[in-house]
Amino acid sequence: MRESYCGLCDDCQLGNPGFLETVSRLKGFLDQVRANVWLHCFPGQEGFSLPEFRKGLEWFLAHTECPGCRNGRGLDDCPIRRCAQGRQLDHCYQCPDLEPCEKYELLLVQFPDVKVNLRRRQLKFKAREYHRKLEGKKK
């Protein structure tokens, strides 16, 4: 199971059956049609390397399972990962300092909703904890 501290793995398309089917179909199409005959129509900067493109498609098909950074993959020096491990958190949404956290600045450039999604999970987490306390008081 893919798991990360920051929550990016929740939306990861790597291993998604629909994504892999699309990649496989595209690769099959390129294998059947000699797509490189189109490249001469777009000389210079508009062209691309068809072998590199195929290599990219093959990479996706060969790397369908990523366990995420909580399970051994990812960058060892990721500041988010190091912080969560140092605080002994399973996920960043459990952190009381999530709102002002600046470790997400690099991720926000590519994934602008990552922190919003974490805050949403944090609110759900806090609500569950509150309801557990209420149930404990009833008994």
#### Entry: Filter result for Pro79 (closer than 19 Å to Glu3 by Cβ and touching a residue at least 40 places away in the same chain (Cβ under 8 Å))
no
### Task
From Glu129, Glu135, grab the single residue that is of a type outside the set (Phe, Trp, Tyr) and either open to solvent by 70 Å² or more (accessible area, probe 1.4 Å) or within 18 Å of Arg2 (Cβ to Cβ) (or both).
Glu135
### Query
Looking at segment 86-117, which of its residues are loosely packed, with under 13 Cβ neighbours inside 10 Å and among the polar types (S, T, N, Q)?
Gln88, Gln110
### Query
Any residue in segment 30-45 that is closer than 23 Å to Phe19 by Cα, touching a Gly at 6+ places or on another chain (Cβ under 8 Å) and in a helix (DSSP H, G or I)?
no
### Task
Test Asn71 against the stated conditions and say whether it is in contact with an Asp or Glu (Cβ under 7 Å, 6 or more places away or on another chain) and either surrounded by 11 or more Cβ atoms within 10 Å (Cβ to Cβ) or modelled with pLDDT of 90 or more (or both).
yes
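The values are calculated or read from the model by the stated rules, or taken from the named source; none is laboratory data. No experiment lies behind these values; they were computed from the predicted model shown. A quick note on method: Cβ atoms are made from the backbone with ideal geometry, for glycine too, and the neighbour counts reach across all protein chains shown. Accessible surface areas use protein heavy atoms only, side chains included; no ligands, DNA or RNA. Shrake-Rupley method; radii C 1.70, N 1.55, O 1.52, S 1.80 Å.
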